[in-house]
Amino acid sequence: MPITPTYRVQCDVCFGHMDGEYDTREDAQDARKDLGWDDPNGGTACPEHNTRPSA
């Protein structure tokens, strides 16, 4: 049985996971940015812990 990697996005603060699994790292990175989980300090943060000012 082949091993198939999946990628998940995890908050650096609370270690919670964003819903969804992705087939490639690039897909996970795109979803992270699209759903607002990219922190301007270079990390990954859920909306509750994100330091980005809200629009």
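The values are calculated or read from the model by the stated rules, or taken from the named source; none is laboratory data. Computed from a predicted structure; not experimentally measured. Don't worry about glycine lacking a Cβ; one is built from the backbone with ideal geometry, like all the others, and counts go over all protein chains shown. Heads up: the accessible areas ignore ligands, DNA and RNA and are worked out on the full protein's heavy atoms, side chains in. Shrake-Rupley method; radii C 1.70, N 1.55, O 1.52, S 1.80 Å.
Summary of computed values
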read-out	value
Yes/no for Arg52 being open to solvent by 60 Å² or more (accessible area, probe 1.4 Å) and modelled with pLDDT of 90 or more	no
Residue list for region 2-18, filter: at negative phi, more than 10 Å from the chain's Cα centre (by Cα) and open to solvent by 90 Å² or more (accessible area, probe 1.4 Å)	Pro2, Ile3, Thr4
Inter-residue pairs, beta-carbon under 6 Å, first more than 13 Å from Thr44 (Cβ to Cβ) and in region 12-32, second part of a helix (DSSP H, G or I), 6+ apart	Tyr22/Ala28
Filtered residues of region 33-49 (kept if in contact with a Lys or Arg (Cβ under 9 Å, 6 or more places away or on another chain), open to solvent by less than 80 Å² (accessible area, probe 1.4 Å) and assigned to a loop (DSSP other than H, G, I, E, B))	Gly36, Asp39, Ala45
Test: residue in region 19-32 that is surrounded by 10 or more Cβ atoms within 10 Å (Cβ to Cβ), hydrophobic (A, V, I, L, M, F, W, C) and assigned to a loop (DSSP other than H, G, I, E, B)	no
